[in-house]
Amino acid sequence: MAATTLLLLSFALNLTVVLNDLLIPLVAAAVPIAIGIAILRYRLYDIDLIINKTLVYGGLAAVITAVYVLVVINIGALVGGSQRLWLSLLTTAVIALAFQPLRARAQRLANRLVYGKRATPYEALSQFSEHLSETFSHEDILDRMARILAQGTGAERAEVWVRAGQRLVLASSSPPAAEPLTPLVMQNGTLPEMQRDTIVPVSHAGELLGALAVDKKRGETMNAVEQKMVTDLAGQAGLVLKNAGLNRELLARLDDLRASRQRLVTAQDEERRRIERNLHDGAQQHLIALKMKVGLAEGVAEPDSKARAILAQLKHDADEAIDNLRELARGIYPPLLASDGLGPALRAHSHRVTVPVELELEDMPRQPREVEGAIYFCCLEALQNVVKYAQASRVTLRVWLSDSTIAFRVEDDGKGFDPAAVVRSSGLQNMHDRLEALGGSIRIQSAPGKGTVVEGRLPLQA
Ligand SMILES: Nc1ncnc2c1ncn2[C@@H]1O[C@H](COP(=O)(O)OP(=O)(O)OP(=O)(O)O)[C@@H](O)[C@H]1O
Ligand SMILES: [Mg+2]
């Protein structure tokens, strides 16, 4: 029993000694390793750069020493005394020549170790400056800026905000935003409140033009190098954002212009419809009532009397006036277009054209009033030009739907003209304005002796 206890005691004592022997170096090694991991993983104390340089120059010193020891000491011992000096000179020369490529390689390796796959802040900045001189569209360069910002800071999300008047609009982000963010309202010309880790304003010639914003992963913070990189990038971004802002303003104005033209065309059509209704319900009804009264008077007048003949003539004149008025009203805004749509209205009109018209009208659902009006009046003007100038033997009118557009084509086999040489009068100009105002376009193909094709398109609202 005593022997067993003694044996166990000595075993426990031995184990403690062995464990101590093993544990102490293990713990001693684990501490710097843990510190190293913490520093690298969370980029503590702005240590990236120091580690990077230490790795580069430590590695280089190790390689150079190893080469020197290998060549000069080992091989030198073999070749003997007098050759040794030459050997050491030659080795020094070779090391001097190989230094630069070696350093570049060591730098790449150290970058890979410290920054992983992302670009170093310096690389990111120089990439941006390089591409600044190339011609990119503004959208491209803002996307690039967001991407470089994210890569250079290892951020979870990087954003480029551009000022538009008194608002701040998200112009680009990396990774791209799933949904467009609502613009932020500026406060007295300063940046609005934003919940981001880092926000750096971008200015040009003292004018605030936008901001760069960065969000790091949870628990990570921006170190001084990354912070400086964002500030430097913001410094370079001023001119880019200035141009982007101007471009945006120009586009917004173009949109405004298009919208106001559309409002004008729509208002014009509304006015036409109002006049047409007034003519129909007012003047036309009066004339019809007048004609009926004349008819009554004719009925009571002496047969074969002069009065009866005059009343008959009056009734005929009233009929003509009513027809003229109807024709006028139709030209202003045809009731058939309002009630039955494009197909029936164009078909009815084609019967009144003095040149034979071949119709190819695709069946289609009713379109918004301004779309039907634009296509109808453009076709009418093109047909009228054929009658007035083309001396054509026939004309084809086609209206069809394709790829969410409505299109028309008026083609004649007449004498044609040179579109570049003729002065556009209000006819062609109105067609152009009407279609453009609704986001469409017109194309005129013609040459003397070759006939004329007028083709227009309008996008259909989804
Ligand atoms: N189908 C065509 N064939 C031959 N010439 C044409 C044809 N269409 C237009 N033109 C030429 O183009 C010119 C401009 O046409 P546009 O419709 O703009 O003006 P207009 O018909 O002369 O005047 P408005 O339309 O204002 O009454 C015409 O004067 C004519 O010379
Ligand atoms: Mg014309």
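The values are calculated or read from the model by the stated rules, or taken from the named source; none is laboratory data. Values in this document were obtained by computation on a predicted structure and should not be read as measured data. All Cβ positions, glycine included, derive from the backbone under ideal geometry; neighbour counts span all protein chains shown. In case anyone asks, the SASA skips ligands and DNA or RNA and just uses the protein heavy atoms, side chains included. Shrake-Rupley method; radii C 1.70, N 1.55, O 1.52, S 1.80 Å.
At-a-glance table
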{"read-out": "Residue in region 37-47 that is open to solvent by 70 Å² or more (accessible area, probe 1.4 Å) and modelled with pLDDT of 70 or more present", "value": "no"}
{"read-out": "Filter pass, residue 209 being hydrophobic (A, V, I, L, M, F, W, C) and in the same structural domain as residue 314 (by TED's automatic domain parsing)", "value": "no"}
{"read-out": "Checking residue 400 against (1) out of contact with any Asp or Glu (no Cβ under 6 Å at 6 or more places or on another chain); (2) open to solvent by 20 Å² or more (accessible area, probe 1.4 Å); (3) more than 16 Å from ligand 1 (Cβ to nearest atom); (4) touching a residue at least 40 places away in the same chain (Cβ under 8 Å), the condition it does not meet", "value": "(1)"}
{"read-out": "Some residue of region 408-415 being farther than 19 Å from residue 360 by Cα and near ligand 1 (Cβ under 8 Å from one of its atoms)", "value": "yes"}
{"read-out": "Subset of region 178-195 (residues that are open to solvent by 100 Å² or more (accessible area, probe 1.4 Å) and of a type in the set (Val, Ile, Thr))", "value": "182"}
{"read-out": "Counted residues, region 342-370 - those being within 16 Å of ligand 2 (Cβ to nearest atom) and surrounded by 18 or more Cβ atoms within 10 Å (Cβ to Cβ)", "value": "1"}
{"read-out": "Among the candidates 202, 230, residue that is in a helix (DSSP H, G or I), of a type in the set (Val, Ile, Thr) and open to solvent by less than 30 Å² (accessible area, probe 1.4 Å)", "value": "230"}
{"read-out": "Positions within region 272-287 being open to solvent by 50 Å² or more (accessible area, probe 1.4 Å) and within 18 Å of residue 321 (Cα to Cα), in sequence order", "value": "275, 277, 278, 280, 281, 285, 286"}
{"read-out": "Filter result for residue 9 (open to solvent by 70 Å² or more (accessible area, probe 1.4 Å) and modelled with pLDDT of 70 or more)", "value": "no"}
{"read-out": "Only listed residue being touching a residue at least 60 places away in the same chain (Cβ under 8 Å) and surrounded by 13 or more Cβ atoms within 10 Å (Cβ to Cβ), chosen from 265, 294", "value": "265"}
{"read-out": "Cβ pairs under 6 Å, 6+ apart, first in region 203-214 and touching a residue at least 60 places away in the same chain (Cβ under 8 Å), second open to solvent by 30 Å² or more (accessible area, probe 1.4 Å)", "value": "214/197"}
{"read-out": "Pick from region 388-397, criterion more than 9 Å from ligand 1 (Cβ to nearest atom) and not hydroxyl-bearing (Ser, Thr, Tyr), ranking: most open to solvent (accessible area, probe 1.4 Å)", "value": "394"}
{"read-out": "Exclusive hit being outside the structural domain of residue 298 (by TED's automatic domain parsing) and in contact with a helix residue (DSSP H, G or I) (Cβ under 7 Å, 6 or more places away or on another chain), set 311, 383, 401, 342", "value": "342"}
{"read-out": "Qualifying position, being of a type in the set (Gly, Ala, Ser) and open to solvent by 60 Å² or more (accessible area, probe 1.4 Å), among 339, 305", "value": "339"}
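Results for (1) open to solvent by 50 Å² or more (accessible area, probe 1.4 Å); (2) in contact with a strand residue (DSSP E or B) (Cβ under 6 Å, 6 or more places away or on another chain); (3) within 12 Å of ligand 1 (Cβ to nearest atom), shown as yes or no for each residue.
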| site | (1), (2), (3) |
| --- | --- |
| 423 | yes, no, yes |
| 435 | no, yes, no |
| 444 | no, yes, yes |
| 453 | no, yes, yes |
| 456 | no, yes, no |
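Conditions (1) touching a residue at least 60 places away in the same chain (Cβ under 8 Å); (2) more than 16 Å from ligand 2 (Cβ to nearest atom); (3) among the charged types (D, E, K, R), marked per residue:
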{"position": "372", "(1), (2), (3)": "no, yes, yes"}
{"position": "379", "(1), (2), (3)": "no, no, no"}
{"position": "384", "(1), (2), (3)": "no, no, no"}
{"position": "414", "(1), (2), (3)": "no, no, no"}
{"position": "417", "(1), (2), (3)": "no, no, no"}
{"position": "435", "(1), (2), (3)": "yes, no, no"}
{"position": "461", "(1), (2), (3)": "yes, yes, no"}
